[in-house]
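**Q** Can you read through this structure? Questions will come right after.
The values are calculated or read from the model by the stated rules, or taken from the named source; none is laboratory data. For clarity, every value in this text was computed on a predicted model and none was experimentally measured. Because the Cβ atoms are built from the backbone with ideal geometry, glycine has one as well, and the counts that use them run over all protein chains shown.
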Amino acid sequence: MGRVWKTLPDLLHARVSYVFEALPLVLIRQPVVTDIYGDALTPARKLNPGIEIAPLGFRWQWRDRKAIRPYWVVKLGESVFLEKALAIDASYENFMINSAAGIQARINHKADLRLGYAFQHVSNAYSNADPGLDTLGISFGIVYHFPSSSRW
């Protein structure tokens, strides 16, 4: 039992970093014709392009300087679409929250592979009709470490 109590502080202590994300292209596949609640009235679908900016985000990463490091990311932001998103009476601008958890594994001294599972919610916060959109999916990417005198 003593080992558990010695290991517990290591699990709770994480490196916390600020995260900013800008996505120049976001696509939502939505019904062509909907009611005010976002229910599809025909089976036809269309793509609604937009952009997304998440200026408020934090990443917790454990096991710093190890080859495999677990992480958890939470981001808050805004998405803007060319057409009203998800319903006929919805809005062009939507609130966005994104959370992802997974592992970051070292490829070499300059790059890491990030692999996780993500949740995203898009909603206009009940400013008009608010169908909202919740998605789950795999999150992955390559992390490049810029040269510096020390590792963050």
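**Q** Any residue at all in region 7-21 that's of a type in the set (S, T, N, Q), touching a residue at least 24 places away in the same chain (Cβ under 8 Å) and either in contact with a helix residue (DSSP H, G or I) (Cβ under 7 Å, 6 or more places away or on another chain) or under 19 Å from Phe140 (Cβ atoms) (or both)? Spell out how you get there, then give the answer.
**A** At the first step, the residues of region 7-21 found to be of a type in the set (S, T, N, Q) are 7, 17.
Filter once more, keeping what is touching a residue at least 24 places away in the same chain (Cβ under 8 Å): 17.
Still in the list and also either in contact with a helix residue (DSSP H, G or I) (Cβ under 7 Å, 6 or more places away or on another chain) or under 19 Å from Phe140 (Cβ atoms) (or both): 17.
Yes, region 7-21 has at least one match.
**Q** Going residue by residue through region 57-78, is there one that turns out to be within 24 Å of Ile28 (Cβ to Cβ) and without any contact (Cβ under 8 Å) to a residue 12 or more places away in the chain?
**A** So the first thing to find is which residues in region 57-78 are within 24 Å of Ile28 (Cβ to Cβ), and the list is 57, 73-78.
Within this subset, residues satisfying the condition of being without any contact (Cβ under 8 Å) to a residue 12 or more places away in the chain are none.
No, because not a single residue in region 57-78 is within 24 Å of Ile28 (Cβ to Cβ) and without any contact (Cβ under 8 Å) to a residue 12 or more places away in the chain.
Residues are listed down the side, and each one gets a yes or a no for (1) closer than 20 Å to Gly141 by Cβ; (2) of a type in the set (S, T, N, Q); (3) modelled with pLDDT of 90 or more:
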site	(1), (2), (3)
Gly57	yes, no, yes
Trp72	yes, no, yes
Glu78	no, no, yes
Leu82	no, no, yes
Leu86	no, no, no
Phe95	no, no, no
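**Q** Condition first: surrounded by 13 or more Cβ atoms within 10 Å (Cβ to Cβ) and part of a strand (DSSP E or B). Now tell me which residues in region 57-69 satisfy that. Before the answer, list the steps.
**A** Residues of region 57-69 that are surrounded by 13 or more Cβ atoms within 10 Å (Cβ to Cβ), as a first pass: 57-63, 69.
Result: Gly57, Phe58, Arg59, Trp60, Gln61, Arg69.
**Q** If you don't mind, another one. Can you work out which of the residues in region 12-29 that are modelled with pLDDT of 85 or more and not in a strand (DSSP E or B) is surrounded by the most Cβ atoms within 10 Å (Cβ to Cβ)?
**A** Here the answer is Val19.
**Q** Restricting attention to region 76-94, and to residues there that are surrounded by 18 or more Cβ atoms within 10 Å (Cβ to Cβ) and not in a loop (DSSP other than H, G, I, E, B), which single residue is farthest from the chain's Cα centre (by Cα)?
**A** Filtering region 76-94 for residues surrounded by 18 or more Cβ atoms within 10 Å (Cβ to Cβ) gives 77, 79, 81, 84-87, 90-91, 94.
Adding the requirement that they be not in a loop (DSSP other than H, G, I, E, B) leaves 77, 79, 81, 94.
On the way: Gly77: 10, Ser79: 12, Phe81: 17, Asn94: 15 Å.
Selected residue: Phe81.
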